[in-house]
Every structure is written in C-alpha cells, then in structure tokens.
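First the structure, in the form of structure tokens, and then the observations on it.
The values are calculated or read from the model by the stated rules, or taken from the named source; none is laboratory data. Just so you know, these numbers come straight off a predicted model, no measurement behind them. Virtual Cβ from ideal backbone geometry, glycine too; neighbours counted across all protein chains shown. SASA here: full protein model, heavy atoms, side chains in, ligands and nucleic acids out. Shrake-Rupley method; radii C 1.70, N 1.55, O 1.52, S 1.80 Å.
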Amino acid sequence: MNTESLSFKYELEKKEPCTNDGGTTRGASVKDFPASAGIAGVSVRLQPGSMRELHWHANTAE
C-alpha cells in the first residue's frame, strides 16, 4: 500500500448517521477511510434509557 497518497484524517462525526429508536451511529471502515486497513470505528450516541449490549470480536485483538 502506498501511504503517500492516503489521508490519515477522517471526520467520522460528519458522516451520514444511521438513526433508530435507541440512538445514532456513524461508522467507518477501510471502504470509507483507506488508511484504516485492518481497523474500523463507530461513534455511538444513545438516547436516554437505551443501552448497548456488551460484545467482543473473537477474530481480533481487542
């Protein structure tokens, strides 16, 4: 991968949100942010009284 042509800055909060009754998420993967090969991120905003289930990814080092 040629890192000279990649941007290492991504404004996740400016991405179009996915909204439902429990809150809002904005996510980015390597498709959105090519410099993030091997990692993804999600910003989660929950409505009062909502909750996010605990989880883990068995195929990654977390």
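Can you give me the convex hull volume of the Cα atoms of the chain, divided per residue and expressed in Å³? Numbers along the way, then the final one.
Numbers: hull volume 7.0 nm³, N = 62.
Per residue, the Cα convex hull of the chain comes to 112 Å³.
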* **chymotrypsin sites (Phe, Trp or Tyr not before Pro) lying in DSSP loop within segment 1-60, provided at most 13 other Cβ fall within 10 Å** => F8, W56
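Explain nothing, just the number: relative contact order of the chain, from Cα pairs under 8 Å at least 6 residues apart, as a whole percent.
Details: 62 pairs, mean separation 16.6, N = 62.
Once divided by the residue count of the chain, the mean separation gives 27 percent.
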* Structure fact -> Along segment 43-51, Karplus-curve 3J(HN,Hα) (6.51, -1.76, 1.60; θ = phi - 60°) to the nearest Hz, with x for Gly and Pro, reads 9, 10, 10, 9, 6, x, x, 8, 9
* To do: Amide H neighbours of G23 under 5 Å, at least 5 residues apart or on other chains, H built in the peptide plane: list them.
  => Q47
* Structure fact -> Excluding ligands, DNA and RNA, the carbon-plus-sulfur percentage of the accessible area of the chain with a 1.4 Å probe reads 54
